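Written below as structure tokens is the structure these notes are about.
Each reported figure results from applying straightforward, stated rules to the coordinates on display, with no laboratory input. Everything numeric here is computed off the predicted structure, so don't read it as measured data. Note: ideal-geometry Cβ built from the backbone for every residue, glycine included; neighbour counts use all protein chains shown.
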Amino acid sequence: MSYYFKKVATEVEAGSGCNRSGLPGELAAVEELLRERLSSEIPLVAELGDYLYKSGGKRFRPALAILFYKLFGARGEREALLELAAALELVHLATLVHDDVIDGSGARRARPALWKVWGNRVAVLEGDFIFSRACSLLDRLEAPLRRLLLEAVEDLLEGELLQEELRRSRRIPTVEEYFAVVRRKTGALISAACLCGALLGDPEASPERLRVVRRAGLKLGTAYQMIDDLLDIFGDGRLGKPTWRDRDGGWITLPFIRLLQCSSPKERERLCLLLQAEALSPEEKEELLRQLRSAKIRESFTLEARALIDEAKRLLEGLGEKGPEGSLFELMDSVIERIK
């Protein structure tokens with residue numbers, strides 16, 4: 001579990017005792033369910049699952065589902081909450097395994113990516129297996145929850161394909177195209193975590209309240225991806241993330257698009273050559289970093305993401321129980337803290 005998330009995780013269940021893992025009630029139970037779902041009687045599958053489980057993760061989406069469940073009164077069955085939270089994490093994990101194959105990224109969470117150790121064929125099949133395990137958990141949920149999660153998976157895959165279409169075009173995406181990818185690829189699953197947690201917490205919640213949750217979740221998901229894109233450029237390895245994987249893979253993210261917007265015509269010409277090049281030398285990457293720093297893109301971009309988080313929090317203020325609201329807002333704030 002990453003350095004910035006530990007404090008928030010211990011407050012997910014106020015007043016509950018923690019087990020030896022240091023995770024409180026629901027999150028500890030989700031961990032056990034994840035371990036079980038990643039296991040198999042087949043030795044290779046069990047080995048792969050153990051490798052991925054021990055790689056850890058923030059469990060951000062499960063934590064969101066738990067906190068929205070509590071925010072909305074925690075009226076639904078606890079077992080359904082655990083299955084929902086685990087399904088969210090398994091879908092996310094399956095996409096990470098596949099993403100690493102697609103992008104050729106050799107590291108994930110400070111360890112060699114699965115494909116780097118076992119090869120592409122095994123990694124693709126393991127990603128499919130994890131997704132099938134997520135589906136088996138979805139099958140246990142009530143129809144409205146199942147429908148919301150399946151719609152989120154559809155959006156996520158459409159986002160992946162839209163990104164691939166833009167990547168293949170070999171042109172720099174517009175701001176609108178970038179956000180169209182982000183809303184689907186990242187925002188949909190994060191928004192679904194919020195919405196499903198809320199609906200399970202109060203099955204009688206009004207459509208108006210649920211619409212507010214959806215809007216807040218999309219804003220949170222967008223901010224989350226924006227910070228991820230900053231970390232891809234400015235990250236220092238603390239989170240176990242390799243840097244420059246987006247640009248090296250041919251995907252131009254919003255920090256570079258913002259840099260183009262504030263550059264002179266002559267600077268834009270040079271920037272376009274660099275951003276659309278097949279490969280960048282260390283010197284060319286340093287040139288781009290200098291321009292990003294000179295334009296204060298990191299600072300302005302962080303403020304832009306911060307504004308989205310604040311908007312999401314304003315939407316949620318007074319929407320549910322006061323105690324869980326504080327823990328939820330702290331978790332939301334932790335999205336920005338990753339870049340500090």
Take Lys322 and Lys296, extend 7 Å from each Cα along the Cα→Cβ direction, and tell me the distance between the two endpoints in nm.
3.9
Separation of alpha-carbon centers, the stretch 179-224 and the stretch 257-304, rounded to whole Å
32
In this structure, the FRET efficiency calculated for Leu303 and Leu44 from their beta-carbon separation, with R0 = 51 Å, to the nearest 0.05, is 0.60
Mean projected area, convex hull of alpha-carbon positions in the stretch 6-337, reported to one decimal in nm², is 16.8
Suppose R0 equals 25 Å. What FRET efficiency, 1/(1 + (r/R0)^6) with r the Cβ-Cβ distance, do Glu267 and Arg168 give to the nearest 0.05?
0.40
Tell me which of Val122, Val45, Ala307 sits at the most positive position along the dipole axis of the chain, charges placed on C-beta atoms (Lys, Arg +1; Asp, Glu -1).
Ala307
Hey, what do the phi angles of the stretch 95-103 turn into as Karplus ³J(HN,Hα) couplings, whole Hz, using 6.51/-1.76/1.60 and θ = phi - 60°, x for Gly and Pro?
5, 5, 4, 5, 4, 5, 5, 4, 7
Sorted by chain and number, the residues with a modelled amide H under 5 Å from that of Ala107, at a separation of 5 or more or across chains, are Ala113
Which FRET efficiency value, to the nearest 0.05, do you get for Glu311 and Glu283 by plugging their Cβ-Cβ distance into 1/(1 + (r/R0)^6) with R0 = 51 Å?
0.80
Sorted largest first, the C-alpha extents of the stretch 132-217 along its principal axes in whole angstrom are 47, 31, 12
Roughly what % of Cα-Cα distances in the stretch 62-183 sit above 22 Å, to the whole percent?
48
